[in-house]
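The values are calculated or read from the model by the stated rules, or taken from the named source; none is laboratory data. Remember, it's a predicted structure, so these values are computed and weren't measured experimentally. Methodologically, a virtual Cβ is constructed for each residue, glycine included, from the backbone with ideal geometry; neighbour enumeration extends over all protein chains shown.
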Amino acid sequence: MKIAIHPLFLLLLLLFVLSGNIALYSVILMSLFLHELGHFIAAKLVGARIERCIIVPYGGEMTLKNEHQLSYKKLTIIALGGPIATVLGILIALTLPTILREGFINAQLILLSINLLPIWPLDGGKIVCYGLLHYFPKSVIFETYLSLSIGLLTVLVLVSLIMLPESISLTILSLFLLSKVIGEWKTRKYRSAFEKLVMKRLT
């Protein structure tokens with residue numbers, strides 16, 4: 001499995017370093033590692049093979065081999081792996097000394113709150129979308145969910161721009177997510193076999 005770091009993630013870390021938050025820099029790295037470890041373990045439990053993992057500002061993006069052959073139930077379990085690991089991290093942090101506990105728990109809560117937003121491609125968005133596709137196996141569900149995600153992210157970008165410069169990190173993250181969803185939307189027309197793949201997952 002190949003592991004890489006997205007340049008935008010490095011930019012955000014640089015902002016933390018320049019602001020003097022070296023401790024926050026370390027906590028974020030540890031938090032993301034724990035989060036992705038949860039996805040990794042969940043993928044192994046359902047028998048999925050991981051080809052690549054890229055660390056991005058909101059967590060990580062895993063490329064699964066033959067992902068289209070996995071059922072929505074298995075994909076949901078993989079998506080849940082990260083948030084579950086983050087929750088376990090919070091519970092473990094409760095046993096740490098006070099000086100370490102607060103910063104680590106705050107970082108976990110921020111990561112958890114971001115990842116559980118019902119927006120594609122965040123974990124929360126995947127969990128909701130896969131759940132809908134499990135009961136309504138139609139490609140229009142996926143396209144509609146992408147449209148809603150684009151709308152929500154557009155609002156988030158506008159709000160974060162109004163709050164600049166305090167919201168610089170949120171603005172970068174929102175723009176990154178928006179570009180990801182728009183990319184998915186542009187390639188939707190190439191998913192002509194989507195309906196057939198959906199039906200295969202139900203068998």
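Restricted to region 50-78, and to residues that are within 21 Å of residue 30 (Cβ to Cβ) and out of contact with any strand residue (DSSP E or B) (no Cβ under 8 Å at 6 or more places or on another chain), which residue is surrounded by the most Cβ atoms within 10 Å (Cβ to Cβ)?
Looking at the filtered set, the residue picked out is 59.
Enumerate the pairs (first residue in region 153-176 and free of Cβ contacts under 8 Å to residues at least 60 places away in the same chain and surrounded by 13 or more Cβ atoms within 10 Å (Cβ to Cβ); second residue anywhere and part of a loop (DSSP other than H, G, I, E, B) and not small (Gly, Ala, Ser)) with beta-carbon separation below 8 Å, excluding pairs fewer than 6 apart on the same chain, so at least 6 apart or on different chains.
Close Cβ pairs (under 8 Å, with a partner that is part of a loop (DSSP other than H, G, I, E, B) and not small (Gly, Ala, Ser)) amount to 153/119; 170/163; 171/164.
Going by the conditions given, is residue 153 closer than 25 Å to residue 10 by Cα, among the hydrophobic types (A, V, I, L, M, F, W, C), modelled with pLDDT of 90 or more and part of a helix (DSSP H, G or I)? Talk me through it step by step, then tell me what you get.
Values: closer than 25 Å to residue 10 by Cα: yes; among the hydrophobic types (A, V, I, L, M, F, W, C): yes; modelled with pLDDT of 90 or more: yes; part of a helix (DSSP H, G or I): yes.
When the stated conditions are applied, residue 153 passes them.
At pLDDT below 80 and more than 18 Å from residue 77 (Cα to Cα): is that true of residue 187 in this structure? Even if it seems obvious, please write down each step before you answer.
Working: at pLDDT below 80: yes; more than 18 Å from residue 77 (Cα to Cα): yes.
Here the answer is yes, as residue 187 does meet what is asked.
Got at least one residue in region 115-125 being farther than 28 Å from residue 67 by Cβ, modelled with pLDDT of 90 or more and touching a helix residue (DSSP H, G or I) at 6+ places or on another chain (Cβ under 7 Å)? Walk me through how you get there before you give the answer.
Filtering region 115-125 down to residues farther than 28 Å from residue 67 by Cβ leaves none.
Looking for residues that are farther than 28 Å from residue 67 by Cβ, modelled with pLDDT of 90 or more and touching a helix residue (DSSP H, G or I) at 6+ places or on another chain (Cβ under 7 Å), one finds none in region 115-125, hence no.
Just one of 100, 96, 111 is over 23 Å from residue 133 (Cα atoms), in a helix (DSSP H, G or I) and over 17 Å from the mean Cα position of the chain (by Cα); which is it?
Going through 100, 96, 111 in turn, the sole match is 100.
Suppose we filter 176, 142 for residues that are within 25 Å of residue 82 (Cα to Cα), touching a Pro at 6+ places or on another chain (Cβ under 9 Å) and in a helix (DSSP H, G or I); which single one remains?
Unique residue meeting the criteria: 176.
Yes/no per residue for (1) at pLDDT 85 or above; (2) touching a helix residue (DSSP H, G or I) at 6+ places or on another chain (Cβ under 7 Å); (3) of a type in the set (D, E, K, R); (4) outside any loop (DSSP other than H, G, I, E, B):
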position	(1), (2), (3), (4)
47	yes, no, no, no
52	no, no, yes, yes
76	yes, yes, no, yes
83	yes, yes, no, yes
131	yes, yes, no, yes
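Would you check if there is a residue in region 84-101 being crowded, with 17+ Cβ neighbours inside 10 Å, without any contact (Cβ under 8 Å) to a residue 40 or more places away in the chain and under 18 Å from residue 73 (Cβ atoms)?
Checking region 84-101: not a single residue is crowded, with 17+ Cβ neighbours inside 10 Å, without any contact (Cβ under 8 Å) to a residue 40 or more places away in the chain and under 18 Å from residue 73 (Cβ atoms).
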